[in-house]
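Take a look at the structure below.
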Amino acid sequence: QPLSSTCGKLTECAVLQHESWTVLSQASGTFGFRASPMSVAAAAAPVVIAYEELADPNHNLDAALKEAFGRNGLGLVLVSEVPGLQRMRDLLLPVATQLAELPPDVLQSLEDPASSYSFGWSCGREQLADGHPDTLKGSYYANPCNDNPAAGDESLSARHPAYFRPNMWPSSQQEGGIQGGSLPQLEPAFKALGTCIVNVGLMLAHHIDKFLQGHKALSQVEVLSAARAHKARLLHYKAPPVISGTDEINLKPCVLGQPLDHHNGWCGWHTDHSSITGLTSAMYMKGGQDVACPDPNCGLWVKNMAGVIVKIAIPPTHLAFQVGEALQVHSGGLLRATPHYVRAATGGAGVVRNTFAVFLQPDPTCPMLAPPGTNQASVAVGQWKAPTGAPGEPVQDFGQFSALTFETYYKQDVQAPDVIARIGTLTTHEAVGAVF
């Protein structure tokens, strides 16, 4: 039932059967799993919070946050009627297709290997669960709030290149002599929408702080307001390849933890290692024109706290926000990172999908401190290192936490690295009962 006239739940969602995962053992960062069948009868739809309520620092949103992030929640909340959002979205998302269609030499000039391709253009640099390079998705990364977050501190950029390298824009690269690569509309549209999502995300962080009051969790407003390295990602999902002369792809069932077919998903199961991730509604395009989604089952799916896989529909006037692993650590496991997956379309040959995500994340030097009394098991994020209490022991910071995340992702020698590496979102969420 709706929580109020302006804070309720969308009524349409899809549910898939899947297998839930149980942790068997934990030693030296290596984890084992046992799958057990779970029948799904129903699932909650996303909680919707009105922008005007979110923007009011005195409004009590505890009930909505409990509904969204509690034991039966999706780990995701929608914010409705964000001022100017749809216009900003409509200006930026079509540019993703134009960007992806730039000449190969121009796209190569927009890559930044020094940042591990975390700034500028990236395509085919990530691996799917079956070991194939992910060539169906192109990304453009930039800091939406600051073109040069290191502010000339070369040592900071050298220590944390994935966070403190300068932004790269096609228009500025073209001025340097590269022809055919100017997209002057990208930079202002990217920054406008990215800054908007950061600002709305900080409003949400304020209410999360109030929600966690009494648990001595690190203040998300303080952490994220001080952060200089928020990252935005403009995503272009290419049209899935045609199989056997038709526009249909035989997709395997969407089963959490199972290896993905090379053509099964636009983006495999994973959780974000940021604190909060903001997402726009996707735009589907064909021949440069906005078109209807060709497949009701394609797009964003999440696994909720009860183990149910749910299809998420984000209206164009809404933003979605989900929890990342840094917030899972800072809350002591009371809030859990949201496993999510982008399913490719069947039908609709030539249809591409564009969207935009903003990762609100701590500075690399921010300590990854959980509330007092929290242990490794309750936080349940494999790459987080709980303090032992030894005198002079260094505290893990977000930069070290991120490095372990990337290392685990790229070196995990299993069939589904993006699932198994992220132990924190695949447990049974025992710690959640402490607050919910």
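Could you grab me the full set of residues in segment 171-215 that are over 30 Å from Ala370 (Cα atoms), open to solvent by less than 40 Å² (accessible area, probe 1.4 Å) and modelled with pLDDT under 95? Even if it seems obvious, please write down each step before you answer.
The initial filter retains those residues of segment 171-215 that are over 30 Å from Ala370 (Cα atoms), namely 171-193.
Then drop every residue that is not open to solvent by less than 40 Å² (accessible area, probe 1.4 Å), which leaves 171, 181, 183, 186, 189-190, 193.
Ser171, Gly181, Leu183, listed by residue number.
To keep it simple, each residue is scored yes or no on (1) within 21 Å of the chain's Cα centre (by Cα); (2) modelled with pLDDT of 90 or more; (3) in a strand (DSSP E or B); (4) more than 23 Å from Cys196 (Cα to Cα).
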{"site": "Ser122", "(1), (2), (3), (4)": "yes, yes, yes, yes"}
{"site": "Arg125", "(1), (2), (3), (4)": "yes, no, no, yes"}
{"site": "Tyr140", "(1), (2), (3), (4)": "yes, yes, yes, no"}
{"site": "Cys145", "(1), (2), (3), (4)": "yes, yes, no, no"}
{"site": "Ala151", "(1), (2), (3), (4)": "no, no, no, no"}
{"site": "Pro166", "(1), (2), (3), (4)": "no, yes, no, no"}
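Checking the condition touching a helix residue (DSSP H, G or I) at 6+ places or on another chain (Cβ under 6 Å) and farther than 25 Å from Gln376 by Cβ, which residue from Val351, Val358 passes?
Numbers: Val351 fails: touching a helix residue (DSSP H, G or I) at 6+ places or on another chain (Cβ under 6 Å).
Within the list Val351, Val358, the selection yields Val358.
In segment 140-165, the residues that are in contact (Cβ under 8 Å) with a residue 12 or more places away in the chain form Cβ pairs under 7 Å with partners that are open to solvent by less than 20 Å² (accessible area, probe 1.4 Å) and charged (D, E, K, R), at six or more places apart or across chains, as follows: Tyr141/Lys231; Asn143/Lys231; Arg165/Asp112. Of all the numbered requirements in (1) at pLDDT below 90; (2) open to solvent by 10 Å² or more (accessible area, probe 1.4 Å); (3) in a strand (DSSP E or B), Phe359 misses one, and that requirement is (1).
Suppose we keep only residues that are open to solvent by 60 Å² or more (accessible area, probe 1.4 Å) and of a type outside the set (Lys, Arg) within segment 219-243. Which one would you say is farthest from Gly288 (Cα to Cα)?
Start the filter on segment 219-243 by keeping residues that are open to solvent by 60 Å² or more (accessible area, probe 1.4 Å), which leaves 222, 225-226, 228, 238, 242.
Next cut, of a type outside the set (Lys, Arg) only: 222, 225-226, 242.
Numbers: Glu222: 42, Ser225: 37, Ala226: 39, Val242: 19 Å.
By that ranking, first place goes to Glu222.
Going residue by residue through segment 334-343, is there one that turns out to be of a type outside the set (Gly, Ala, Ser), closer than 18 Å to Leu224 by Cα and not in a loop (DSSP other than H, G, I, E, B)? No, the conditions are met nowhere in segment 334-343. When the criteria are applied in full, Thr365 fails the requirement of being hydroxyl-bearing (Ser, Thr, Tyr), out of contact with any helix residue (DSSP H, G or I) (no Cβ under 7 Å at 6 or more places or on another chain), open to solvent by 20 Å² or more (accessible area, probe 1.4 Å) and part of a loop (DSSP other than H, G, I, E, B).
For every residue, the table says whether it meets (1) at pLDDT 80 or above; (2) more than 15 Å from Ala68 (Cα to Cα); (3) touching a Gly at 6+ places or on another chain (Cβ under 9 Å).
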position: Leu319; (1), (2), (3): yes, no, yes
position: Gln322; (1), (2), (3): yes, no, yes
position: Ala326; (1), (2), (3): yes, yes, no
position: Arg336; (1), (2), (3): yes, no, yes
position: Ala349; (1), (2), (3): no, yes, no
position: Val352; (1), (2), (3): yes, yes, no
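Pairs meeting the criteria (first residue in segment 105-116 and within 12 Å of Arg165 (Cα to Cα) and among the β-branched types (Val, Ile, Thr), second residue modelled with pLDDT of 90 or more and open to solvent by 20 Å² or more (accessible area, probe 1.4 Å), beta carbons under 7 Å, at least 6 apart or on different chains) are lacking.
The values are calculated or read from the model by the stated rules, or taken from the named source; none is laboratory data. Computed from a predicted structure; not experimentally measured. Positions of Cβ are backbone-derived with ideal geometry, glycine not excepted, and every protein chain shown enters the neighbour counts. Surface accessibility is based on the protein's heavy atoms, side chains included, excluding ligands, DNA and RNA. Shrake-Rupley method; radii C 1.70, N 1.55, O 1.52, S 1.80 Å.
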